[in-house]
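The values are calculated or read from the model by the stated rules, or taken from the named source; none is laboratory data. It should be emphasised that the depicted structure is a prediction, and the values quoted were computed from it without experimental measurement. All Cβ positions, glycine included, derive from the backbone under ideal geometry; neighbour counts span all protein chains shown.
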Amino acid sequence: MVALVSLVASVATASAQPTLSTPTPIPLGTGSVATRPLDRYRAALAALPPLKDMVFQYSESRTGPTRTLVELHRVYRRVDGAERNETIAVNGEIVVPAIVHYSTRPDWPYDVRAFAVSSDDYDLLPIGPKLVNGKRAYGISAVRTTTGDFSVTGIFLDETSWLPLRETFAVTGSGCTGTGSIDFARGGGTWLPTSTQVSCTVGTGGATFKESIAFSSFTFPPSLPSDIFGSAQ
């Protein structure tokens, strides 16, 4: 995964952001754990199973001032982070043979845990009930209090699982400043990304670039043969 979304992936280790009402601080409160949204969110993240070997596809669309490029990729990812990424179509044309790239990243940058927020780094404020893709969500505004190229700006928690349906963010890097979001849903016994969008402007008043990824076809084989991963094995 390259370009703008890769920038997000690298600094994290847009859909329209919901309108935020005037927040008030989340009360610290007392009592049993997991009685407040933030407690429930943290407990739900901690309860997620480790990532497994997986195979999935994603469609990536990149739009600049003069053209749009759409690619379809198939990814084989092993639990140790070895990854084989195949470009299998470009602008609707099948690529034969597929263009193959190998890499190793122990932490998957699109894992929901990679977008976890801590009160050590953020001021977290409630913004109440919202709808995300037709589902009820509890919204929390996040304001980063430490420096960094990536900051979560909002978390929208599923009111059943208390895991994020959407997180919004701001990102800077490589001369580009932008905003974006990433959506999640239940799948394969865990919580998986479904899509991510980024809009980024180069410099002051410069060109704007947009990129989106839609994830699909996740499968979780018992194991992946080592020869799939070439030099990354």
**Residue in segment 80-93 that is surrounded by the most Cβ atoms within 10 Å (Cβ to Cβ), counting only those that are in a strand (DSSP E or B) and acidic (Asp, Glu)** = Glu83
**Message:** Take the conditions part of a loop (DSSP other than H, G, I, E, B) and more than 30 Å from Asp53 (Cβ to Cβ) and apply them to Ser119. Does it pass?
**Reply:** yes
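Return yes when Pro221 is outside any strand (DSSP E or B) and at pLDDT 95 or above and no when it is not.
yes
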**Asked** Looking at (1) out of contact with any Pro (no Cβ under 6 Å at 6 or more places or on another chain); (2) among the aliphatic types (A, V, I, L, M); (3) in a strand (DSSP E or B); (4) surrounded by 15 or more Cβ atoms within 10 Å (Cβ to Cβ), can you tell me which one Val96 breaks?
**Response** (4)
**Request:** Return the only residue of Ile94, Ile155, Ile88 being in contact with a Leu (Cβ under 6 Å, 6 or more places away or on another chain) and modelled with pLDDT of 95 or more.
**Result:** Ile88
**Asked** Any residue in segment 107-123 that is touching a strand residue (DSSP E or B) at 6+ places or on another chain (Cβ under 6 Å) and surrounded by fewer than 13 Cβ atoms within 10 Å (Cβ to Cβ)?
**Response** no
**Pairs where the first residue, in segment 89-104, is more than 15 Å from Glu71 (Cβ to Cβ) and the second is basic (Lys, Arg) and surrounded by 10 or more Cβ atoms within 10 Å (Cβ to Cβ), C-beta under 6 Å, 6+ apart** = Tyr102/Arg84
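So which residues in segment 167-218 are among the aliphatic types (A, V, I, L, M) and either touching a Leu at 6+ places or on another chain (Cβ under 8 Å) or part of a strand (DSSP E or B) (or both), if there are any at all? Step through it out loud before you land on a result.
At the first step, the residues of segment 167-218 found to be among the aliphatic types (A, V, I, L, M) are 170-171, 182, 185, 192, 198, 202, 207, 213-214.
Correct list: Ala170, Val171, Ile182, Ala185, Leu192, Val198, Val202, Ile213, Ala214.
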**Request:** Please find, within segment 155-193, the residue that is farthest from the chain's Cα centre (by Cα) out of those that are closer than 15 Å to Ala43 by Cβ and of a type outside the set (Val, Ile, Thr).
**Result:** Glu159
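Kindly indicate which of Gly154, Gly139 is of a type in the set (Gly, Ala, Ser), under 30 Å from Val55 (Cα atoms) and either part of a strand (DSSP E or B) or out of contact with any Pro (no Cβ under 7 Å at 6 or more places or on another chain) (or both).
On the way: Gly139 fails: under 30 Å from Val55 (Cα atoms).
Sole residue among the options that is of a type in the set (Gly, Ala, Ser), under 30 Å from Val55 (Cα atoms) and either part of a strand (DSSP E or B) or out of contact with any Pro (no Cβ under 7 Å at 6 or more places or on another chain) (or both): Gly154.
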**Request:** Would you check if Tyr110 is hydroxyl-bearing (Ser, Thr, Tyr) and part of a strand (DSSP E or B)?
**Result:** no
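Among Tyr102, Tyr76, which is the only one that is of a type in the set (Ser, Thr, Tyr), in contact with a Gly (Cβ under 9 Å, 6 or more places away or on another chain) and at pLDDT 95 or above?
Details: Tyr76 fails: in contact with a Gly (Cβ under 9 Å, 6 or more places away or on another chain).
Criteria check complete, one pass: Tyr102.
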**Item:** Residue identified as out of contact with any Asp or Glu (no Cβ under 8 Å at 6 or more places or on another chain) and modelled with pLDDT under 95 among Gly203, Gly180
**Value:** Gly203
